[in-house]
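Visitor: Okay, handing you the structure first.
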Amino acid sequence: MTAAATAAPEALQPMRLVIVYFGPFNVNSAIQAFHFAGDLTAAGWTVTLAGVGDPGMIREVGEPSFECVNHHDLPQVLERCRQAPEPTIVFAWTPRENVRVATEDFTRRLGCPYVIHLEDNEWHLYGEAVGRPIEEVRRLSIAEQDRITPPALIHPTRSEAFMANAAGITVITEELNEFNRAGLPHHVARPGIDPERFRPDLEPPLSRAALGIGADEFVLVYHGTVHYANQHEMLSLYLAVKLLQRRGRKVRLIRLGETDPGGVDPRSLGALRDRVVELGSVGWREIPGFLALADAFVQPGAPDDFNRYRLPSKLPEFLAMGRPVVLPDCNIGHDLEHRREALLLERGDGIEIAARLEQLIDDRELRDRLAAGARSFALAQLNWKDNSIALGHFLNRISRAHSGDHQSAPLTASPAR
Amino acid sequence: MAARLRRPALTRRGRAASRTVAAEVEALPSRPLISVVMPAYETDPKLLREAIDSVRHQRYPDWELCIADDGSPSGRVRRVLDRYRDRDRRIKVTYLERNRGISAATNAALELAAGEFVAFLDHDDMLPSDALLRVAQALGDDPELDLVYSDSDKLTLHGTRADPFFKPDWSPTYALGAMYVGHLLVVRRSLAEQVGGFDSAYDKIQDFEFMLRVSERTDRIHHIPLILYHWRAIPGSIAAGAEQKSGVPELQAKAVSAHLRRIGVAAVAVPHQEIPHRAQLAPDPELTVEPAELAASVSVVIAWRGGEGLERLLASLFGVSAHPPGEVIVVAADAPAAAELAGAHPVRVVEDSDDVFSRSRAANRGAAEAGGEWLLFCSDAAEIVEPGWLAELHLHASLPGTAAAGPLISRPDGRTEAAGFAVALDHPVEPMLAGVDAAADGYYGALVCARDVSAISAEFMLIRRSAFERAAGFEENYATGYEDFDLCQRLRALGLGVVYAARPRVVVHETPAARLEALDIVDRALFVDRWYDQLAAGDPFFNPNFARREASFVPG
């Protein structure tokens, strides 16, 4: 984190914030946008969240205290901004092409700065989705790149200027700042957690006995869809449970979410699921109660190029629940102390996960220490309001720096076309 | 006649494809000049024109065509070549005054080449239009490559494409037994010159012999699993059948034996008795250690769960083998029963005292007790049927860079059970060529020729002890199986090779396929979990054009 990001001596200055979000309003990272927008609105900011699809979907997350619009409605927002000038900043949630187009158009017309938020290795995702390395596609003509690049991915070439011309970068995990090649001011915009919704003493909505789980069994709960991108990680988790059961350990896994097996050996995955309690999809609001069934949580995965640059949204929830957490030694794992706040995975395969779980099962004191450490970490580091205010200070500084650079041009002046 | 040299007008579909190809050319990080080298001799003018046109129609623009006419007496070849040379500056032609043979003609064409890479094209064969583009892409992806080869097929006299040859990635072991690299072959020109070009002493198999010498200088060899070469099957050519050219098997064996000498392997090549254009390796009697001394260096480790097969195995080990192994260790849950079945055979029985028998743990325990330089793991379902098995297996396990070798595993009825194993994500381990007559050639020699493979089975596996220890032995989290396939992956991750030896043949009474079916599914999942990325990338020694299920070399 930059020094500028950690120190926040000045009072937060309300300003206008337009968040240009890449997707629909009810997906995981939209929840983060919802919290940032809500907390800054509460601090006196005027916030607009522009996404894809029906803005009403935000109500699946919560009742918004700020304006929600579709990307198509941004011209109206722009017109209002022109009519009521005040310092404005655009927060581009990822550098993906649909965000880039909307952001560049808006900021060019309004003459305001923009900050880009990184929450994934977008360059890796591009290669996975298109089936060709992005470096290879970048060698094609711009017209060809335009043709093959879908709007929900970054543009191999156009994203470079978009990144370089930003006034600042925010990242969900420090590793993502590796992509800040222009050396722009950056800030770690960590998500938060609602410590009341996710807390250690929650009562589960149903008992273990109702699920056919014995009182003496060690229970893991994992929520999230199994899909092509994470099926290897889920195989590792299922396998770890099976290996422990084969060793005579009483361990059970409860799964929430859908399973969409892709290319992985279906016999392997299928056979490993036979004693897993699969509860299917559960409403977002019900998840904390089900998490309360757990003795521990595991976020499977290797500290590889995929996991290094992301922060699975369920990790803050695991930590806040005050249970021992096993997770890869990367992203937020770098900030957690091994054996005090979490157990870290070096490889993330089934054998290693099983070994970590055996440590937990055999060591009551370790379990208690990790449970307390996880909760403390969540309260200290994953506070929505603190993290939103820290983001607000960063955006204040970016805005001030921009207005200093552009003293001759009013912030809301209409730019030349 | 000049009109014949013009490209045909593009159709709408052709224009769309052309735009795509143009984009692919534009995307290349580098565009090395590729010299297509072609020797010609008394070629049917029609076929010659087709061969040359196939180069002229390449979508990759940076090529030249270097042709040497090997003193064709009739003049018709010269007429065709002169016409092309005069109309296309990218075509260079030289005429040899007298017929000097294909190697000399190829070398003469090679002298014309200015490209960073040279591609070899016979005078009546054809390249598909994207051949050089795919090569340039491979070279762009890895500029360190010295050699690129592709899959190929044949053109019948009527121009019909047939007999696709889907090859494995570079397998130095397979290259000893079968002329498998073939065409399209693209080599860094400086390397081709360093090895002295083609050797006239090996005319008829000159490209095979050339490949062996090139492989002594580089292992930066890449296979493109696409058909980038159409080989004309005309009477008299090897494409029409290796038996069409007399003396080929002997020349092939001579080339391989010379190669083995140069790389310091104590072996000679001999033509296969029934399929003579396949070469097999045999110990060099002048260089190999004494068979008895070799046998003394081998410790046999049998992890025995129980069953009558142990008696049969021991009887064959001591009764059929030309020389009995140095020691035999049986790790058994029921030690008295093992001792009783061992009878008078000199066997050391080690008791496995754990509650639940684990083959991986028992095998590791046996290996720890063993004193031999070589470890032979085998199951009690195996039966030795050939006296010279150890020398042949040892020879293949001793090839440069190789750690372990396994035999042809056959069923009692003479059908193949496994000629090595292929690995994949959706079908983690499949025995290769299961059900095929064990005396057959297999797919392009895949049964009779030794090959590098991704895995062999501990039903019968000879491994250098140092390699076994370097790989930390068998992973003991496997309870019922897959530990052998896992070990092979770890050996390969260490850069060590695993070889299907083709010879000897070992009969297995409980088939590996049946064993795989009976295994604990958790072990299968464990194998997938540990090697997920490698399995997802595909088996380098099993062409992606084959159906994965059953690994029978059937295009899928």
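The values are calculated or read from the model by the stated rules, or taken from the named source; none is laboratory data. Bear in mind that the values here come from a model prediction, so they are computed numbers and not experimental data. Methodologically, a virtual Cβ is constructed for each residue, glycine included, from the backbone with ideal geometry; neighbour enumeration extends over all protein chains shown.
Visitor: Has segment B:318-325 got any residue that is surrounded by 15 or more Cβ atoms within 10 Å (Cβ to Cβ), part of a helix (DSSP H, G or I) and within 39 Å of the chain's Cα centre (by Cα)?
Guide: yes
Visitor: Please work out which one of (1) touching a Phe, Trp or Tyr at 6+ places or on another chain (Cβ under 7 Å); (2) outside any helix (DSSP H, G or I); (3) at pLDDT 95 or above is the condition A:Arg100 fails and give its number.
Guide: For A:Arg100, the failing item is (2).
Visitor: Quick check on segment A:119-140. Is at least one of its residues assigned to a loop (DSSP other than H, G, I, E, B), touching a residue at least 60 places away in the same chain (Cβ under 8 Å), out of contact with any Cys (no Cβ under 6 Å at 6 or more places or on another chain) and more than 30 Å from B:Ser30 (Cβ to Cβ)?
Guide: Taking segment A:119-140 and keeping what is assigned to a loop (DSSP other than H, G, I, E, B), we get A:119-121, A:131-133, A:139-140.
Now restrict to residues that are touching a residue at least 60 places away in the same chain (Cβ under 8 Å): A:119-121.
Adding the requirement that they be out of contact with any Cys (no Cβ under 6 Å at 6 or more places or on another chain) leaves A:119-121.
Then keep just the ones that are more than 30 Å from B:Ser30 (Cβ to Cβ); that gives A:119-120.
Scanning segment A:119-140 turns up at least one residue that is assigned to a loop (DSSP other than H, G, I, E, B), touching a residue at least 60 places away in the same chain (Cβ under 8 Å), out of contact with any Cys (no Cβ under 6 Å at 6 or more places or on another chain) and more than 30 Å from B:Ser30 (Cβ to Cβ).
Visitor: Also, I was wondering about something else. Condition first: within 22 Å of B:His323 (Cβ to Cβ) and modelled with pLDDT of 90 or more. Now tell me which residues in segment B:258-281 satisfy that. Talk me through it step by step, then tell me what you get.
Guide: Of the residues in segment B:258-281, the ones within 22 Å of B:His323 (Cβ to Cβ) are B:265-268, B:270, B:280-281.
Those that are within 22 Å of B:His323 (Cβ to Cβ) and modelled with pLDDT of 90 or more: B:Val265, B:Ala267, B:Val268, B:Val270, B:Gln280, B:Leu281.
Visitor: Follow-up question, since we're still on this one. So B:Arg411 passes all but one of these: (1) among the basic types (Lys, Arg); (2) over 23 Å from the mean Cα position of the chain (by Cα); (3) surrounded by 22 or more Cβ atoms within 10 Å (Cβ to Cβ). Which condition number does it fail?
Guide: (3)
Visitor: In this structure, is A:Glu175 surrounded by fewer than 22 Cβ atoms within 10 Å (Cβ to Cβ), more than 14 Å from chain B (Cβ to nearest Cβ) and under 30 Å from A:Val251 (Cα atoms)?
Guide: Details: surrounded by fewer than 22 Cβ atoms within 10 Å (Cβ to Cβ): yes; more than 14 Å from chain B (Cβ to nearest Cβ): yes; under 30 Å from A:Val251 (Cα atoms): no.
So A:Glu175 does not fit the description; no.
Visitor: Further question on the same structure: I need a count of the residues in segment B:457-514 that are modelled with pLDDT under 95, of a type in the set (Val, Ile, Thr) and in contact with a helix residue (DSSP H, G or I) (Cβ under 7 Å, 6 or more places away or on another chain).
Guide: 1
Visitor: Which residue is surrounded by the most Cβ atoms within 10 Å (Cβ to Cβ), if the candidates are limited to segment B:419-430 and must be assigned to a loop (DSSP other than H, G, I, E, B) and either more than 10 Å from chain A (Cβ to nearest Cβ) or polar (S, T, N, Q) (or both)? Reasoning before the result, please.
Guide: The initial filter retains those residues of segment B:419-430 that are assigned to a loop (DSSP other than H, G, I, E, B), namely B:419-420, B:424-428.
Next cut, either more than 10 Å from chain A (Cβ to nearest Cβ) or polar (S, T, N, Q) (or both) only: B:419-420.
Working: B:Ala419: 31, B:Gly420: 29.
Only one residue fits best here, namely B:Ala419.
Visitor: Another question, if that's okay. Just give me the residues in segment A:183-205 being surrounded by 11 or more Cβ atoms within 10 Å (Cβ to Cβ) and either free of Cβ contacts under 8 Å to residues at least 60 places away in the same chain or of a type in the set (Lys, Arg) (or both), in sequence order.
Guide: Answer for segment A:183-205, where residues must be surrounded by 11 or more Cβ atoms within 10 Å (Cβ to Cβ) and either free of Cβ contacts under 8 Å to residues at least 60 places away in the same chain or of a type in the set (Lys, Arg) (or both): A:Leu184, A:Arg190, A:Arg197, A:Arg199.
Visitor: Further, regarding this structure: Between A:Glu317, A:Glu352, which is within 14 Å of another protein chain (Cβ to nearest Cβ) and charged (D, E, K, R)?
Guide: On the way: A:Glu317 fails: within 14 Å of another protein chain (Cβ to nearest Cβ).
Being within 14 Å of another protein chain (Cβ to nearest Cβ) and charged (D, E, K, R) holds for just one of A:Glu317, A:Glu352, which is A:Glu352.
Visitor: Continuing with the same structure: So in segment B:97-121, with the set limited to residues that are acidic (Asp, Glu) and at pLDDT 95 or above, which one is nearest to B:Cys66 (Cα to Cα)? Spell out how you get there, then give the answer.
Guide: Of segment B:97-121, the ones acidic (Asp, Glu) are B:97, B:111, B:116.
Now restrict to residues that are at pLDDT 95 or above: B:111, B:116.
Numbers: B:Glu111: 9, B:Glu116: 13 Å.
Once the filter is applied, the top-ranked residue is B:Glu111.
Visitor: Could you count how many residues in segment B:368-389 are among the hydrophobic types (A, V, I, L, M, F, W, C), more than 22 Å from the chain's Cα centre (by Cα) and more than 16 Å from B:Ala467 (Cα to Cα)? Write out each step before concluding.
Guide: Keep residues of segment B:368-389 that are among the hydrophobic types (A, V, I, L, M, F, W, C), which gives B:368, B:370, B:374-378, B:381-382, B:384-385, B:389.
Now drop any that are not more than 22 Å from the chain's Cα centre (by Cα), which leaves B:368, B:370, B:374-378, B:381-382, B:384-385.
Narrowing the set further to residues that are more than 16 Å from B:Ala467 (Cα to Cα) leaves B:378, B:381-382, B:384-385.
Of the residues in segment B:368-389, 5 are among the hydrophobic types (A, V, I, L, M, F, W, C), more than 22 Å from the chain's Cα centre (by Cα) and more than 16 Å from B:Ala467 (Cα to Cα).
Visitor: Taking segment A:79-97 as the region of interest, how many residues are outside any loop (DSSP other than H, G, I, E, B) and in contact with a Phe, Trp or Tyr (Cβ under 6 Å, 6 or more places away or on another chain)? Let's see the steps before the verdict.
Guide: Initial filter on segment A:79-97 (outside any loop (DSSP other than H, G, I, E, B)): A:79-83, A:88-93, A:97.
Still in the running and in contact with a Phe, Trp or Tyr (Cβ under 6 Å, 6 or more places away or on another chain): A:90, A:92-93.
Going through segment A:79-97 one residue at a time, the tally reaches 3.
Visitor: Which of (1) of a type outside the set (Val, Ile, Thr); (2) surrounded by fewer than 16 Cβ atoms within 10 Å (Cβ to Cβ); (3) in contact with a helix residue (DSSP H, G or I) (Cβ under 7 Å, 6 or more places away or on another chain); (4) free of Cβ contacts under 8 Å to residues at least 24 places away in the same chain is the odd one out, the single condition A:Trp284 does not satisfy?
Guide: Unmet condition: (4).
Visitor: Something else about it: What do you reckon, is A:Glu258 acidic (Asp, Glu), farther than 29 Å from A:Arg369 by Cα and away from every other protein chain (no Cβ under 14 Å)?
Guide: Numbers: acidic (Asp, Glu): yes; farther than 29 Å from A:Arg369 by Cα: yes; away from every other protein chain (no Cβ under 14 Å): yes.
Yes, satisfied.
Visitor: Could I ask something else about it? Can you tell which of B:Leu176, B:Leu132, B:Leu127, B:Leu155 is within 16 Å of the chain's Cα centre (by Cα) and either closer than 22 Å to B:Arg56 by Cα or surrounded by 19 or more Cβ atoms within 10 Å (Cβ to Cβ) (or both)?
Guide: Details: B:Leu132 fails: within 16 Å of the chain's Cα centre (by Cα); B:Leu127 fails: within 16 Å of the chain's Cα centre (by Cα); B:Leu155 fails: within 16 Å of the chain's Cα centre (by Cα).
Among B:Leu176, B:Leu132, B:Leu127, B:Leu155, only B:Leu176 is within 16 Å of the chain's Cα centre (by Cα) and either closer than 22 Å to B:Arg56 by Cα or surrounded by 19 or more Cβ atoms within 10 Å (Cβ to Cβ) (or both).
Visitor: Still on this model: Mind checking which helices (runs of 4 or more DSSP H) fall wholly inside segment B:431-539 and carry at least 2 residues that are of a type outside the set (D, E, K, R) and within 14 Å of chain A (Cβ to nearest Cβ)? It would help to see each step written out before you state the result.
Guide: On the way: elements: B:465-470, B:483-493, B:512-518, B:521-530, B:532-537.
Ranges flagged: B:483-493, B:512-518, B:521-530, B:532-537.
Visitor: Also, I was wondering about something else. At pLDDT below 95 and within 14 Å of chain A (Cβ to nearest Cβ) - does that describe any residue in segment B:333-355?
Guide: yes
Visitor: Looking for something touching a Ser or Thr at 6+ places or on another chain (Cβ under 6 Å), at pLDDT 95 or above, polar (S, T, N, Q) and closer than 23 Å to B:Ala109 by Cβ - is there at least one such residue anywhere in segment B:204-214? I'd like the intermediate steps shown before the answer.
Guide: The first filter runs over segment B:204-214 and keeps only residues touching a Ser or Thr at 6+ places or on another chain (Cβ under 6 Å), leaving B:206.
From what is left, the residues that are at pLDDT 95 or above are B:206.
Still in the running and polar (S, T, N, Q): B:206.
Those still in the list that are closer than 23 Å to B:Ala109 by Cβ too: B:206.
Yes - at least one qualifying residue is present in segment B:204-214.
Visitor: Against the conditions (1) at pLDDT 95 or above; (2) crowded, with 24+ Cβ neighbours inside 10 Å, where does B:Leu390 fall short? Just the number, please.
Guide: (1)
Visitor: With the checklist (1) more than 14 Å from chain B (Cβ to nearest Cβ); (2) buried (at least 21 other Cβ atoms within 10 Å of the Cβ); (3) at pLDDT below 95 in hand, flag the one item A:Ile134 doesn't pass.
Guide: The single condition A:Ile134 does not satisfy is (1).
Visitor: Which members of segment A:180-192 meet the condition of being outside any loop (DSSP other than H, G, I, E, B) and in contact with a Phe, Trp or Tyr (Cβ under 7 Å, 6 or more places away or on another chain)? Give the derivation first.
Guide: Going residue by residue through segment A:180-192, those that are outside any loop (DSSP other than H, G, I, E, B) are A:186-188.
Once the filter is applied, which keeps residues that are outside any loop (DSSP other than H, G, I, E, B) and in contact with a Phe, Trp or Tyr (Cβ under 7 Å, 6 or more places away or on another chain), segment A:180-192 yields only A:His187.
Rundown of residues vs (1) in contact (Cβ under 8 Å) with a residue 24 or more places away in the chain; (2) more than 20 Å from the chain's Cα centre (by Cα), yes/no style:
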{"residue": "B:Tyr443", "(1), (2)": "yes, no"}
{"residue": "B:Cys449", "(1), (2)": "yes, no"}
{"residue": "B:Ala458", "(1), (2)": "yes, yes"}
{"residue": "B:Met461", "(1), (2)": "yes, no"}
{"residue": "B:Glu483", "(1), (2)": "yes, yes"}
{"residue": "B:Val508", "(1), (2)": "yes, yes"}
{"residue": "B:Ile521", "(1), (2)": "no, yes"}
{"residue": "B:Ala537", "(1), (2)": "no, no"}
{"residue": "B:Phe542", "(1), (2)": "yes, no"}
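Visitor: Tell me which residues, restricted to segment A:100-117, are within 16 Å of A:Pro75 (Cβ to Cβ) and either buried (at least 23 other Cβ atoms within 10 Å of the Cβ) or of a type outside the set (Val, Ile, Thr) (or both). Please lay out each step first, then the result.
Guide: We begin by selecting, within segment A:100-117, every residue within 16 Å of A:Pro75 (Cβ to Cβ); these are A:101-112.
Of everything in segment A:100-117, those that are within 16 Å of A:Pro75 (Cβ to Cβ) and either buried (at least 23 other Cβ atoms within 10 Å of the Cβ) or of a type outside the set (Val, Ile, Thr) (or both) turn out to be A:Ala102, A:Thr103, A:Glu104, A:Asp105, A:Phe106, A:Thr107, A:Arg108, A:Arg109, A:Leu110, A:Gly111, A:Cys112.
Visitor: Of everything in segment A:54-68, what is farther than 22 Å from A:Ala189 by Cβ and in contact with a strand residue (DSSP E or B) (Cβ under 6 Å, 6 or more places away or on another chain)? Give them in sequence order. Let's see the steps before the verdict.
Guide: Step one: list which residues in segment A:54-68 are farther than 22 Å from A:Ala189 by Cβ, which gives A:54-57, A:59-60, A:63.
If the condition is that a residue be farther than 22 Å from A:Ala189 by Cβ and in contact with a strand residue (DSSP E or B) (Cβ under 6 Å, 6 or more places away or on another chain), then A:Pro55 is the only one that fits.
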